[in-house]
Amino acid sequence: MKKIAVLTSGGDAPGMNACLRAVVRGGLYHGLDVYGVVRGYDGLIRGDLYKMKSYSVSNIVGQGGTILKSARSMEFKTKEGRAKAAEQLRALGIEGLVVIGGDGTFTGANLLYNEHGIKVVGAPGTIDNDLFGTDFTIGYDTAVNTALDAIDKIRDTANSHERLFFVEVMGRDSGYIAVQSAIGGGAEKVMVPETKTTIDDVVSSLQKGWDNEKSASIVITAEGDSEGSAMEIAAKVKKHCPDKDIKVTTLGHIQRGGSPSAFDRILASRMGIAAVEALLEDKSNVMVGIVNDKLVYTTLDDAITKEKPLNTDLLKMVEILSI
Ligand code: ATP
């Protein structure tokens, strides 16, 4: 293998740049030409890629976002779109592709391999931490720390005014960010998509705290919780305790941005180098992961289809710690 390409795709995550840097420098170290694809699969279809040098990735290890830009490509979801993308790679003699993204990105990469034989390796770049085959995904640690920073600030004002706050964090299908920020932020309750928490459960947990002379409380909700958004949940809870001063904060996209934590920079660097080495070892259609601090490769099929269950002991911890 002489030429490889790299792209970032799906929702951006802090540490994607560090991973990109590691792919480029890891590739150059091993004597490869490395092409950067601009705007994910959309750029690949349009042939928007350029040869990267070592200096192309200078000073980005601590930079959030992705210098290659990310995109959600509808065209790549079609057979014709993927054929165009494969043709662009073949025209330049590129034999291997590293994709940095989440499960959607890997679904697309899997199809590119199965339909066109393009050798693909995935690096898990998503704040959701919901991919099977790795203990951590790139960006998750930073996102949790960003959420914690906000929750600490909210607690100050919640305490001063003796308020009940509902804080919504990201996680459409996954409660990883929610449960970690609930433990780290000392929340009274957490609501995640993986388990059903009724409004009665929330009210009864909060009531225990109020009976214990707690004057301020924080409930963390994941955006995909079955009871709805934090705003909707707050409105339902308000009916049970109309006298409470209730406020809602939706953290939103601040969780995607910012300089990656030390953990994410190192994780991303390990994964980027490992992705290049996988291609050199003729591995293909796999995702790089870290399990028990060891590098492992999981088939894209497994990474996409297998569940990574949330550790329910962590939910219990929130309950124990909130008395
Ligand atoms: P995140 O977890 O942060 O949302 P993601 O990689 O799952 O990241 P998606 O928007 O789901 O983000 O997917 C990224 C891109 O991957 C899509 O824009 C699309 O081009 C491609 N993709 C997603 N699903 C498919 C699919 N079923 N078939 C082909 N390509 C797909």
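The values are calculated or read from the model by the stated rules, or taken from the named source; none is laboratory data. These figures come from a predicted structure and were not determined experimentally. Because the Cβ atoms are built from the backbone with ideal geometry, glycine has one as well, and the counts that use them run over all protein chains shown. Note: accessible area is taken over every heavy atom of the protein model, side chains too, but ligands, DNA and RNA are not part of it. Shrake-Rupley method; radii C 1.70, N 1.55, O 1.52, S 1.80 Å.
Might you report the magnitude of the Cβ-based charge dipole of the chain about its Cα centre, with Lys and Arg at +1 and Asp and Glu at -1, to the nearest 20 debye?
For this selection, approximately 1100 debye.
Any chance you could look up the accessible area of THR250 with a 1.4 Å probe, heavy atoms only, rounded to 10 Å²?
So the heavy atoms of THR250 present about 80 Å² to solvent.
Label-point separation (nm) for LYS51 and GLN207, each offset 7 Å from Cα along Cα-to-Cβ?
It works out to 7.1 nm between the two label points.
Check the straight Cα-Cα distances from LYS236 and name the aspartates and glutamates below 19 Å, setting aside those fewer than 8 residues away within the same chain.
GLU168, GLU188, ASP200, ASP201, GLU223, ASP225, GLU227, ASP245
Measure nothing fancy, just the Cα-based angle from helix 262-280's long axis to the longest principal axis of the chain, in degrees from 0 to 90, nearest 10.
30
Among LYS153/LYS308; LYS53/LYS84; LYS79/LYS306; LYS77/LYS316; LYS53/LYS308; LYS153/LYS208, which pairs are too far apart, with a Cα-Cα distance over 29 Å?
Over 29 Å apart, Cα to Cα: LYS153/LYS308; LYS77/LYS316; LYS53/LYS308.
Which angle between 0 and 90 degrees, to the nearest 10, do you get for helix 230-240 versus the longest principal axis of the chain when only C-alpha atoms count?
In the chain, helix 230-240 runs at an angle near 20 degrees to the longest axis.
Counting just the Cα atoms, what span does the chain cover along each of its three principal axes? Round to the nearest Å and put the largest first.
So the three principal-axis extents are 69, 37, 33 Å.
Among all the aspartates and glutamates, which ones have a C-alpha under 13 Å from LYS283's C-alpha, if same-chain residues fewer than 8 places away are not counted?
Within the straight-line limit of under 13 Å, LYS283 reaches these aspartates and glutamates: GLU95.
Can you tell which of VAL120, VAL203, VAL169 shows the greatest fluctuation in a Gaussian network model of the chain with Cα springs below 10 Å?
Of VAL120, VAL203, VAL169, the Gaussian network model singles out VAL203 as fluctuating most.
Over the range 115-188, calculate the relative contact order: mean separation of alpha carbon pairs under 8 Å at least 6 apart, over the residue count, as a percent.
Taking the mean separation of contacting Cα pairs over the length of the range 115-188, I get 29 percent.
Pull up the DSSP beta bridges for the chain and report the antiparallel fraction as a percent, rounded to 5.
The antiparallel fraction comes to roughly 20 percent.
For the range 92-239, state the semi-axes of the equivalent ellipsoid (square roots of 5 times the eigenvalues of the alpha-carbon gyration tensor), sorted largest first and rounded to whole angstrom.
Semi-axes from the Cα gyration tensor: 39, 15, 10 Å.
Pick from THR126, THR298, THR78: which residue has the top mean-square fluctuation in a GNM of the chain where Cα pairs under 10 Å get a spring?
THR78
What is the spin-label model distance, in nm, from ASP301 to PHE263 if the labels are put 7 Å beyond Cα along the C-beta direction?
3.3
Could you tell me the relative contact order of the chain? Use alpha-carbon pairs under 8 Å, at least six residues apart, and round to a whole percent.
The value is 24 percent.
Can you list the residues of the range 168-190 with backbone N under 19 Å from a point 7 Å past the Cα of ILE199, pointing along Cα to Cβ?
168, 189-190, by backbone N distance to the label point.
For the range 38-113, max minus min Cα coordinate along each principal axis, in Å, sorted largest first?
The principal-axis extents, from largest down, are 37, 27, 18 Å.
What distance in nm separates the two pseudo spin-label positions at ASN114 and GLU232, each 7 Å out from Cα along the beta-carbon direction?
3.3
Can you tell me which of GLU223, GLU281, GLU188 moves the most in a GNM of the chain? Springs connect C-alpha atoms under 10 Å apart.
Looking only at GLU223, GLU281, GLU188, the biggest GNM fluctuation is shown by GLU281.
What percent of all Cα-Cα pairs in the range 23-171 falls into each 10 Å bin, going from 0 up to the bin containing the maximum distance?
Calculated P(r), rounded to whole percents: 10, 33, 30, 15, 8, 4, 0.
By how many degrees, 0 to 90 and rounded to 10, does the Cα axis of helix 312-321 deviate from the longest principal axis of the chain?
40
Multiply the residue gap between CYS241 and ASN292 by 0.36 nm, knock off their C-alpha separation, and tell me the result in nm, one decimal place.
Between CYS241 and ASN292, full extension yields an extra 13.9 nm.
How much FRET efficiency would the formula 1/(1 + (r/R0)^6) give for HIS161 and LYS316, where r is the Cβ-Cβ distance and R0 is 35 Å, rounded to 0.05?
Efficiency, from the Cβ-Cβ distance: 0.70.
What is the percent carbon and sulfur in the accessible area of the range 142-256, measuring with a 1.4 Å probe over the protein chains and ignoring ligands?
46
What number comes out for accessible area per residue over the range 142-256 if the probe is 1.4 Å? Units Å², please.
Each residue of the range 142-256 exposes 44 Å² on average to a 1.4 Å probe.
Under the 0.36 nm per residue contour assumption, what length would be gained going from the current alpha-carbon distance of HIS253 and ARG90 to full extension?
Roughly 55.0 nm would be gained on extension.
Report, in debye and to the nearest 20, how large the dipole of the range 177-270 comes out about its Cα centre when Lys and Arg carry +1 and Asp and Glu carry -1 on their Cβ.
280
Which one, GLY228, LEU206, ILE183, projects farthest toward the positive side of the charge dipole computed for the range 142-229 from Cβ point charges (K/R +1, D/E -1)?
It is ILE183, whose Cα lies furthest towards the positive end.
Explain nothing, just compute: Karplus ³J(HN,Hα) = 6.51 cos²θ - 1.76 cosθ + 1.60, θ = phi - 60°, for every residue of the range 209-223 in order, whole Hz, x for Gly and Pro.
x, 5, 5, 8, 6, 7, 9, 10, 9, 10, 10, 9, 10, 7, 4
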